1. Of the residues Ile157, Ile150, Ile172, Ile162, which single one is under 23 Å from Lys281 (Cα atoms), touching a Leu at 6+ places or on another chain (Cβ under 8 Å) and without any contact (Cβ under 8 Å) to a residue 24 or more places away in the chain?
2. Can you tell me which of Glu252, Glu269, Glu282, Glu231 is surrounded by fewer than 20 Cβ atoms within 10 Å (Cβ to Cβ), out of contact with any Cys (no Cβ under 7 Å at 6 or more places or on another chain) and within 17 Å of Met27 (Cβ to Cβ)?
3. With Glu100, Glu94 as the choices, which residue is of a type in the set (Asp, Glu) and either exposed (fewer than 11 other Cβ atoms within 10 Å of the Cβ) or at pLDDT 95 or above (or both)?
4. So Asn177 fits all but one of (1) under 29 Å from Gly140 (Cα atoms); (2) at pLDDT 90 or above; (3) surrounded by 16 or more Cβ atoms within 10 Å (Cβ to Cβ); what number is the exception?
5. Restricting attention to region 34-45, which residues are at pLDDT 90 or above and either touching a strand residue (DSSP E or B) at 6+ places or on another chain (Cβ under 6 Å) or charged (D, E, K, R) (or both)?
6. Quick test of your reading of the structure: Asn201 fulfils all but one of (1) free of Cβ contacts under 8 Å to residues at least 12 places away in the same chain; (2) out of contact with any Pro (no Cβ under 7 Å at 6 or more places or on another chain). Name the failing condition by number.
7. Can you confirm whether region 149-166 contains a residue that is more than 16 Å from Pro238 (Cβ to Cβ), assigned by TED's automatic domain parsing to the domain that holds Leu271 and in contact with a helix residue (DSSP H, G or I) (Cβ under 6 Å, 6 or more places away or on another chain)?
8. Could you please find all residues in region 45-102 being of a type in the set (Phe, Trp, Tyr) and either under 27 Å from the mean Cα position of the chain (by Cα) or not in a helix (DSSP H, G or I) (or both)?
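The values are calculated or read from the model by the stated rules, or taken from the named source; none is laboratory data. Keep in mind that this is a model prediction, so the values were computed, not measured. All Cβ positions, glycine included, derive from the backbone under ideal geometry; neighbour counts span all protein chains shown.
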Amino acid sequence: MPKQNNIPELDKLFQDVRAYRSTKNYMELFEFIKRFRHIAPYNAMLINIQKPGSKYVASAKEWHERFRRIPKPGARPLIILRTFGPVSFVYELEDTYDMEFPQELLNPFKPKGEISDSAFADLVRTLYFNGFRVYYENYGTEYAGAVRVINHHATYIDKRNILHNFRMPFAITLNNNHDNITQLATIYHELGHVYCGHLGNSGLDYLPERANLDIRAREFEAESVCWLLCEREGVKNPSAEYLSNYVDHNNEIPDISIDTVLKATAKIEQLRRNTINTPRKELRID
């Protein structure tokens, strides 16, 4: 863990009150976060801190427009972070009333179990323009893949047919004997390492610099990121076995940054949603 004055405020809170240090509490927190697929993981954490046991949250406007419900008189709003702004206010299901709430939204998980070849190709292209070159190797069944720093240059052609260069800081290697879903989970795990800063930040301000973390903490953070991403997307989750085994044999989690894990998960979800055809601006050389 970094020096005290560099620790994010959320991690300071967890250290001060020993919140979520037990493996049981940690997994209960993640089970809570996975249910709130419609909001960012960090905001789900804030909701859990303010009102544990919440079932569903939305703004007063969303409650009215989507569900024909309104906050109860005197209902206390919950505070979450807003993109490009300070905060927003949301209300929990029990603090609203009127029309019946759709029960399927309380249990929205229908595992897909597959990702099409075209969707996987879109993801690989998005990774390319985010600075990740993807390789495939003929590994044995038990080896899923790896990520490493390469600091290569790559090229793309713009709409004017002009060739440009951009940085390619990382490479992800996948087992070509695995199916798309297994490869997707491998990508999530390796992206977890990168976005948690385990490989350093390669001069990129949007990545943390945490390469000095011990291997046990690095793996636990990457597995946590993968678990959240797979669970929130409703796909096969190989990290579930790892975390389950850890919980069974340990009373406390390693000395990790939950703040970093949640922020990394959000960044990867954003990458997954935003299919791009040009390099992100921080990687462009000319």
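1. Matching residue, one of Ile157, Ile150, Ile172, Ile162: Ile157.
2. Criteria check complete, one pass: Glu252.
3. Only one candidate passes the filter, namely Glu100.
4. Here Asn177 meets the rest and fails (3).
5. Of everything in region 34-45, those that are at pLDDT 90 or above and either touching a strand residue (DSSP E or B) at 6+ places or on another chain (Cβ under 6 Å) or charged (D, E, K, R) (or both) turn out to be Lys34, Asn43.
6. Answer for Asn201: the failing condition is (2).
7. Looking through region 149-166, at least one residue is more than 16 Å from Pro238 (Cβ to Cβ), assigned by TED's automatic domain parsing to the domain that holds Leu271 and in contact with a helix residue (DSSP H, G or I) (Cβ under 6 Å, 6 or more places away or on another chain).
8. Across region 45-102, the qualifying residues are Tyr56, Trp63, Phe84, Phe89, Tyr91, Tyr97, Phe101.
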